[in-house]
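Each remark here refers to the structure printed beneath this line.
Just so it is clear, none of the values below were taken in a lab; they were calculated from the coordinates. Predicted model only: the values in this text are computed from it and were never measured. FYI the Cβ positions are ideal-geometry reconstructions off the backbone, even for glycines, and counts take in every protein chain you see.
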Amino acid sequence: MSSSSGDAAPLHMVTPCIRSFPISAHTGYDVYLKLENLQIPGSFKIRGIGNLLRNAAVHGCKKIVCPSGGNAGLAAAYAAKMIGLPAVIVLPQSTPAFVADKLRTEFGAEVEIKGKIWDESNTYAKELAKQPDVLYVHPYDHPDIWEGHKSMIIEASQQMPCQPDVVIASVGGGGLLNGILRGMQEVGWSDVPCLAMETVGADCLNAAIKAGKPVTLPDITSVAKSLGALTVADDTFNMVKQWKNFHSVVIQDAQAVDACFKLADDHRFLVEPACGASLHAVYGDVISNLQKEGKLGPVKSALVIVCGGSSATIKQMETWKNIVNL
Ligand SMILES: Cc1ncc(COP(=O)(O)O)c(C=O)c1O
């Protein structure tokens, strides 16, 4: 793992890609889980953001600023600490106090609380980043981020015994999906169907597909706050349009939260509803419904990106459960 600027070692870990026996017994086909929840800052985000920071450090960056009260902020703070750069993480007022504590105490970041919503934190972060040699870290919209996320598919292609019949991932602003599609192209999986999961009230990709162009959601009403981008990245939308076999599916919050509890029972992992959205594709009837509609062919194996999420504490899991009346 890298500890000095310019070091070539990536900041993320190679994660296991396990065959889930409990989920496969439930589905009747083999389900492989790419365990991004095991990354140190709690999610896949470190792959892309780690890559962005490492490249910036090589090019003389002296400080980073990231507007995110979520997993992107944690990944940025962790990456900065490992590289040895000071980090300012700008959080909206709605961010839970434990996130600010974690950023400060575990990763040594400076935390600034600015704005009611992310857009206001973002405007402030962009102002800070106007100083020389300061890198502005967008949570999902940057080619270096997509390049970093790509690595999870390259790993999975070497870890799985076969090519999957479907790849399943959650979508917020589309950084994860962008990296996944690029990775799939690189490993020769361009014909493999991709299933993009969102929740009602955090469904900017689905809204863009319906509108034929990226649109801005009026609000984020889902409990899957990590999927809460108002607009999908243009580049991701363009990639989706060109993917041969692409399915955008929007599910209820309760289904995403229920899948989080099922994963906890089956594999003893806690993940956010942002990740539960993908897991519902195999715990629920999404795949069989697509097959009944003739949109998806036979599935012998599925790859699910377990994107993780660090706000999934035992207490928070109970709160989500109550909110969605499970
Ligand atoms: C746990 C988790 N899953 C999925 C996503 C969605 O990622 P993206 O915004 O790159 O689409 C996020 C974004 O923060 C996340 O934290």
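With a point put 7 Å past each Cα toward its Cβ, work out how far residue 59 is from residue 13 in nm, to one decimal.
3.0
Taking only C-alpha pairs under 8 Å that are 6+ residues apart, what is the relative contact order of region 46-136 in percent? Mind dumping the intermediate values first?
Values: 159 pairs, mean separation 29.4, N = 91.
Normalised by residue count, the contact order of region 46-136 is 32 percent.
Taking H placed 1.01 Å from N in the peptide plane, check which residues at least 5 places from residue 13 or on another chain put their amide H under 5 Å from its amide H.
The answer is 40.
Of the DSSP beta bridges with both residues in the chain, give the percent that are antiparallel, rounding to the nearest 5. Before the final figure, lay out the partial values.
Working: 5 of 35 bridges.
In the chain, DSSP labels about 15 percent of beta bridges as antiparallel.
At a 10 angstrom cut-off on C-beta neighbours, averaged per residue, how do the peptides 253-266, 37-50, 98-111 rank from highest to lowest?
Working: 253-266: 21.4, 37-50: 27.6, 98-111: 16.9.
Output ranking for 253-266, 37-50, 98-111: 37-50, 253-266, 98-111.
In region 46-136, what is the volume of the convex hull around the alpha carbon atoms, normalised per residue and reported in Å³? Intermediate results must be reported in sequence, preceding the final value.
Working: hull volume 6.7 nm³, N = 91.
For region 46-136, the hull spanned by Cα atoms encloses 73 Å³ per residue.
Along the positive direction of the dipole of region 105-246 (beta-carbon charges: Lys, Arg +1; Asp, Glu -1; about the Cα centre), which of 157, 135, 195 reaches farthest?
Checking the options against the dipole of region 105-246, the answer is 195.
Angle check, please: helix 71-83 long axis (alpha carbons) against the longest principal axis of the chain (alpha carbons), in degrees 0 to 90, nearest 10.
50
Give me the lysines in straight-line cross-link reach of residue 210: C-alpha distance below 20 Å, same-chain residues under 8 apart excluded.
Within the straight-line limit of under 20 Å, residue 210 reaches these lysines: 241, 244, 295.
Please name which of 113, 231, 166 has its Cα lying farthest along the dipole of the chain towards the positive end, using unit charges on Cβ (Lys, Arg +1; Asp, Glu -1) and the Cα centre as origin.
113
When averaged across all projection directions, what area in nm² does the alpha-carbon convex hull of region 140-295 cover? All intermediate terms of the calculation are to be shown ahead of the outcome.
Working: hull surface 35.9 nm².
Spelled out: convex hull of the Cα atoms, projected over all directions, averaged, 9.0 nm².
When a/c is below 1.5 the answer is rounded, else prolate if a/b is larger than b/c, else oblate, so apply that to region 218-296 with a ≥ b ≥ c taken from the square roots of the Cα gyration tensor eigenvalues. Write out the running numbers ahead of the final one.
Numbers: a/c = 2.09, a/b = 1.20, b/c = 1.74.
Verdict is oblate for region 218-296.
Got a sec? Which residues in region 265-297 would a label at residue 191 touch, if it sits 7 Å along Cα→Cβ and we count backbone N under 17 Å?
296-297
Give me the base-10 log of I(q)/I(0) for the chain at each q in 0.13, 0.14 Å⁻¹, Debye formula, one uniform scatterer per Cα, rounded to two decimals.
Treating every Cα as an identical point scatterer, log10 I(q)/I(0) equals -0.91, -1.06.
For residue 219 and residue 158 in the same chain, what is the full-extension length gain: residue separation times 0.36 nm, less their Cα-Cα distance, in nm?
Values: separation 61, 0.36 × 61 = 21.96 nm, distance 3.97 nm.
In short, 18.0 nm is gained.
According to a simple spin-label model (label point 7 Å from Cα along Cα-to-Cβ), what is the distance in nm between residue 269 and residue 315?
2.5
Aspartates and glutamates within cross-link reach of residue 126: Cα-Cα under 20 Å, excluding same-chain residues under 8 positions apart?
Candidates past the 8-residue exclusion: 110, 112, 141, 144, 234.
Of 92, 16, 161, which is the most mobile in a GNM of the chain whose springs link Cα atoms less than 10 angstrom apart?
161
Hey, for a label at residue 94 modelled as a point 7 Å past Cα toward Cβ, could you say which residues of region 110-154 have their backbone N under 17 Å away?
113-124, 139
Once R0 is set to 45 Å, what does the formula 1/(1 + (r/R0)^6) return for the Cβ-Cβ distance between residue 101 and residue 293, expressed as a FRET efficiency to the nearest 0.05?
Step by step, r from the Cβ atoms, then E = 0.45.
Which value in nm describes the separation of the simple spin-label points at residue 126 and residue 300, placed 7 Å from the Cα toward the beta carbon?
5.0
Compare the peptides 193-200, 76-83, 290-297 by average per-residue count of other Cβ atoms within 10 angstrom and give them in order, highest first.
On the way: 193-200: 25.0, 76-83: 26.6, 290-297: 12.5.
Result, highest mean first: 76-83, 193-200, 290-297.
Can you tell me how much longer the chain between residue 110 and residue 326 gets when fully stretched, taken as 0.36 nm per residue apart minus their C-alpha distance, in nm with one decimal?
On the way: separation 216, 0.36 × 216 = 77.76 nm, distance 3.76 nm.
Fully extending the segment from residue 110 to residue 326 adds 74.0 nm.
Kirkwood hydrodynamic radius for region 13-172: how many Å is it when counted over pairs of different Cα atoms? All intermediate terms of the calculation are to be shown ahead of the outcome.
Numbers: mean 1/r = 0.0598 Å⁻¹.
Hydrodynamic radius (Kirkwood, Cα only) of region 13-172 equals 16.7 Å.
Ranked from highest to lowest mean number of other Cβ atoms within 10 Å per residue, what is the order of the peptides 312-318, 235-241, 203-209, 151-157?
Numbers: 312-318: 14.4, 235-241: 18.1, 203-209: 22.7, 151-157: 21.1.
Sorting 312-318, 235-241, 203-209, 151-157 by mean packing, highest first, produces 203-209, 151-157, 235-241, 312-318.
So between residue 245 and residue 26, what do we pick up on full extension, going 0.36 nm a residue minus the alpha carbon distance?
On the way: separation 219, 0.36 × 219 = 78.84 nm, distance 2.48 nm.
76.4 nm is the gain from fully extending residue 245 to residue 26.
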